[in-house]
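Following: one structure in structure tokens, then a few remarks.
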Amino acid sequence: MKRDHLGCIVLVAAVIIAGCTGQRSADTTDSSRRARGVPVFEVDPSWPKVPPKWKLGHASSIAIDAQDNVWVLSRPRTLKPGDSAVAAPAILVFDPAGNFVRAWSAAGSGHEWPEREHGIHIDYRGFVWVGGNQCPERDLPGLKRVWDDQILKFTQDGRFVMQIGGSSKSSGNADTRNLHGPADVWVHPATNELFVADGYFNHRVAVFDADTGAFKRMWGAFGNKPVGEGKCPQPSLKAVPEGPGPDHFTVVHAIRVANDGTVYVADRENQRVQMFTREGKFVKQRVRYDAPFARNLALSPDPEQQFLYVGGGVDIVVLDRKTLEIVELIGGPGYLGGGHQIATDSKGNLYVAATARGLQKLAFKGTKPETK
């Protein structure tokens, strides 16, 4: 058994060495693992059915509404110029069987639509939240050289409700009015708070009132004060040194808040998931040193939300939500891998948005005994 200087444990899950925790606080050890079933999935090759009149741009993110409809955020401007006339709208909605429901784009209309679409979330009241991650340094063809420093809120028919922040307005990690490349958001019903993985150019979690957009609080890695320069990141996604990792976030790429108020943050380039209280107190973390990890997050829909799904490179890692121990890996022939963003519906199905590689539904097929 291999340990680092902080006493973290390297787990073997599904016969693959998967990483270690690199913790800074007391943690439940892996010896406390309990007997349980772990989820089993199967690729649904028929999902989704994109209308033949359209071509879908890179699928950036995915979200689920109260009816288990699947909302896909794509990037129409990633299509070749010759395909612009048949570009699908930025938002497409499918039912669980993959049938097309509706679509819309909301560029213009009194708000600043993100130049490079990145994240989508449907909150408990049915509102649609959209963010982006464009920066001038990229100089991508067809995109304005601006910073996406805003989050937008819409009704499900595309009516604009609210904007937090403004394009190219951020003054950095201490700014309480603007975001800076917000990658992902989650609204916690118990407090009606909007938690933002902010994100690409800032290095923090930022919390706002979901109705008014008023700033409430922020924190960085390990609950520290957020620090770091607002530059376009250079993804590594290969391996990180053993140990707890740096005192700051790099790309805060995904965020989920469990029903009990526990906050989970995917710190992508540091290949770790950090766990916090709702107020931002650090609890523990999971690091996967030798493989891509923490690209995205999703919670299992059972009453206890037993599992946290974490996308990596060729697989999706299943963690025990409370201990952060690795209990299974999801992947294999026919799977798209860890994807860019992921989501679960109320039946336990798992959906993957994998940008240029497309979309995939992993149908939940029950449970099997945990690999020991």
For segment 80-123, how many residues are part of a loop (DSSP other than H, G, I, E, B) and either within 25 Å of Ser168 (Cβ to Cβ) or modelled with pLDDT of 95 or more (or both)?
21
Elements of type strands (runs of 3 or more DSSP E) in segment 238-344, at least 3 residues being over 17 Å from the mean Cα position of the chain (by Cα):
282-287, 326-330
Candidate set: segment 284-328, residues that are under 19 Å from Lys368 (Cα atoms), out of contact with any strand residue (DSSP E or B) (no Cβ under 6 Å at 6 or more places or on another chain) and not polar (S, T, N, Q); chosen: the one surrounded by the fewest Cβ atoms within 10 Å (Cβ to Cβ):
Pro303
If you scan segment 221-270, which residues turn out to be of a type in the set (Gly, Ala, Ser), at pLDDT 95 or above and at negative phi?
Ala221, Ala254, Ala258, Ala266
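So in segment 199-212, with the set limited to residues that are assigned to a loop (DSSP other than H, G, I, E, B), out of contact with any Pro (no Cβ under 7 Å at 6 or more places or on another chain) and touching a residue at least 60 places away in the same chain (Cβ under 8 Å), which one is nearest to Pro235 (Cα to Cα)?
Our first condition is that a residue be assigned to a loop (DSSP other than H, G, I, E, B); within segment 199-212, this holds for 199-203, 210-212.
Among the residues that remain, those that are also out of contact with any Pro (no Cβ under 7 Å at 6 or more places or on another chain) are: 201, 210-212.
Next, from what is left, pick out any that are touching a residue at least 60 places away in the same chain (Cβ under 8 Å): 201, 210.
Numbers: Phe201: 13, Ala210: 31 Å.
Ranking the candidates gives Phe201 first.
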Scanning segment 345-372 for residues that are part of a strand (DSSP E or B) and among the β-branched types (Val, Ile, Thr), which turns out nearest to the chain's Cα centre (by Cα)?
Val352
Go through segment 173-190 and count every residue that is among the small types (Gly, Ala, Ser), assigned to a strand (DSSP E or B) and either without any contact (Cβ under 8 Å) to a residue 40 or more places away in the chain or surrounded by fewer than 23 Cβ atoms within 10 Å (Cβ to Cβ) (or both).
0
Return the pairs, sorted by first residue and then second, in which the second residue is surrounded by fewer than 24 Cβ atoms within 10 Å (Cβ to Cβ), the first residue lies in segment 120-141 and is of a type in the set (Ser, Thr, Tyr), the beta carbons are less than 8 Å apart, and the residues are 6+ apart or on different chains.
Tyr124/Ala66; Tyr124/Val187; Tyr124/Pro189
Is it true that Tyr264 is under 22 Å from Ala63 (Cα atoms) and not acidic (Asp, Glu)?
yes
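Quick check: is even one residue across segment 112-135 among the polar types (S, T, N, Q) and touching a Lys or Arg at 6+ places or on another chain (Cβ under 7 Å)?
Here is the first cut: in segment 112-135, the ones among the polar types (S, T, N, Q) are 133-134.
So of that shortlist, the ones also touching a Lys or Arg at 6+ places or on another chain (Cβ under 7 Å) come out as 133-134.
Yes, some residue in segment 112-135 is among the polar types (S, T, N, Q) and touching a Lys or Arg at 6+ places or on another chain (Cβ under 7 Å).
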Gly230 is checked against (1) among the small types (Gly, Ala, Ser); (2) out of contact with any Phe, Trp or Tyr (no Cβ under 8 Å at 6 or more places or on another chain); (3) crowded, with 18+ Cβ neighbours inside 10 Å; (4) assigned to a loop (DSSP other than H, G, I, E, B) and fails just one. What number does that condition carry?
(2)
Exception for Pro52 within (1) surrounded by fewer than 18 Cβ atoms within 10 Å (Cβ to Cβ); (2) touching a residue at least 24 places away in the same chain (Cβ under 8 Å) falls at (2)
Could you tell me which numbered condition Asp315 fails, if it satisfies all but one of (1) in contact with a His (Cβ under 8 Å, 6 or more places away or on another chain); (2) closer than 17 Å to Phe364 by Cβ?
(1)
Among (1) exposed (fewer than 15 other Cβ atoms within 10 Å of the Cβ); (2) under 18 Å from His188 (Cα atoms), where does Arg145 come up short?
(2)
Residue among Trp71, Trp47 that alone is surrounded by 14 or more Cβ atoms within 10 Å (Cβ to Cβ), at pLDDT 95 or above and part of a loop (DSSP other than H, G, I, E, B)
Trp47
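The values are calculated or read from the model by the stated rules, or taken from the named source; none is laboratory data. Just so we're clear, the structure is a prediction, and the values are computed from it rather than from any experiment. Virtual Cβ from ideal backbone geometry, glycine too; neighbours counted across all protein chains shown.
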